[in-house]
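Notes to accompany the following structure.
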Amino acid sequence: MSDEIENNQNENELTEKANDQEKRQKTEKIAAEILQMSKNKLLVNMRFMDMSLNQFQIFPKPEYTPFTASDGKIYIYAPEHILKAYMLDENLPVRNFLHTVLHCVFKHFFVSTLVNHKMWDLACDIAVESTINDLNLNYLNISKAKEQIQFFELFKKKVQTITAEKIYSYFLDEKLSDDLVERLSRLFKGDDHVLWFLTEEQKKRMGLYGAAVENRLLLTDRAALLESWENIALRMQTELVMFVKQRGTEAGLLTQNLREVTRERYDYTEFLKKFAVRGEVMKLDPDEFDHNFYTYGLQLYENMPLIEPLEYREVKRIREFVIAIDTSGSTSGQLVQTFVQKTYNILKSTESFFTRINIHIIQCDTVIQEDVKITTQEEFDAYLKEMKLHGLGGTDFRPVFGYVNAMVDNGEFENLKGLIYFTDGYGVFPQKKPPYETAFVFIEESYNNYDVPSWAMRLVLREEEI
């Protein structure tokens, strides 16, 4: 009798396991179909995202996340989560899939492990969810979007550029309470970021990638992966223009984030060297010196080398230069002084500065307000200590160019190489190209195209880069 009971129990357990396995397989199948449907809906309606939507392999890995997650290579998910999301709102899986893809397009996964994880996660989620809301597409609408938008309307007044980096910096400065961070995290969460902070070795040890996926993807190093998503963002940026025209959608935040992702990162030091001029300085030139003959002479004739080293070497140094400062209200204050200090620090380096120089620092709004001539480092130091801004009126670039052109005609400069104009960009440009190189340096602000004439160079910097 006891054997019969035990056999029945074993049979029940086997049946239960079989049922669980069948249920799990059915759940995985339905979840996979929902994800494929979500992907197809995005492909049909947002053709400009085709590359990004097909960039990674999708497969279930519920043991590593109760939600969905991606590291730019793979997209893993918990099937039960997909089903629950779909039952709650059929738009939710579509939106969450787009949420994760946009994280990758904006390169949010490419982050230092030293970053504050909670703040970075929240900043990225706000940037992505706000971008999706800004598209204003019916098939992406969900119930909590209204509350997100309400918060965003208050928040955007404090952070003009809605990118993860800007939001993250703001949150760190504001020192948000733990309760507020937790509430906002729930409001804007669309996926799990657990894979962002793991190394490739950690993922391999965890068995995160299957054999087929590992063979296909693990050969892609971090730099190559980053470049791949940068290329995707560039293509999206180009094709988004047509999408906006066809749909009548502004897509302002998506455009803004793509512009940030694809924005070329400039080295102001290297940029400034474009204005260098050639001159002769007392310095050994190893390129013109043959060490073999020199040492052979020392050996043969003791203290008499066969060839003396050249005493002069032609190098690029900055001798004559103009720094023009737009003193209209939008570029006034500490920022201008910081820019001049930054420029001076670069110029005074031994590889880019002559002992005697001729640098004019011109302040201007609609008229010339001040012109200070600098001929030595000591004069530059003294100017920075006493520097005051003048004007703070409107902006017109033409007076500076007229003034500098007159100085060139009057022999003030022997060989003026360049003029850098620090400005907000909202002013009247000269129509004619001046006889020297010109660059306009802008501080990054939202909704500014930074248009300059074809004859001028353009440099857009963040405040922290100055």
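Ranking request for peptides 28-36, 376-384, 97-105: highest mean number of other beta-carbon atoms within 10 Å first, then the rest in descending order.
97-105, 28-36, 376-384
Each of Asn40 and Phe197 was given a label point 7 Å from its Cα along the Cα-to-Cβ line. The distance between the two points is 3.8 nm. Computed FRET efficiency, Cβ-Cβ of Glu378 and Ser112, R0 51 Å: what is it to the nearest 0.05? With a Förster radius of 51 Å, E is 0.80.
Taking a threshold of 18 Å on the Cα-Cα distance, which of the pairs Lys84/Lys144; Lys84/Lys189; Lys39/Lys204; Lys118/Lys166 fall above it? Don't skip to the end; give the middle numbers.
Details: Lys84/Lys144 16 Å; Lys84/Lys189 15 Å; Lys39/Lys204 27 Å; Lys118/Lys166 15 Å.
Listed pairs above 18 Å: Lys39/Lys204.
Net charge dipole, region 45-200: roughly 300 debye, given to the nearest 20, about the Cα centre with Cβ charges of +1 for Lys and Arg and -1 for Asp and Glu.
If you roll a 1.4 angstrom probe over the protein chains with everything in place, what fraction of the accessible area of region 90-192 belongs to carbon and sulfur, to the nearest %? Walk me through the numbers before you get to the answer.
Values: 2280 of 4690 Å².
Accessible surface attributable to carbon and sulfur in region 90-192 totals 48 percent.
Normalised per residue, the accessible area of region 137-195 is 58 Å², obtained with a 1.4 Å probe and no contribution from ligands, DNA or RNA.
The values are calculated or read from the model by the stated rules, or taken from the named source; none is laboratory data. A quick note: this is a predicted structure, and the numbers were derived from the prediction, not measured. Cβ sites come from the backbone with ideal geometry, for glycine too, and all protein chains shown count toward neighbours. The accessibility values were calculated without ligands, DNA or RNA, using every heavy atom of the protein model including side chains. Shrake-Rupley method; radii C 1.70, N 1.55, O 1.52, S 1.80 Å.
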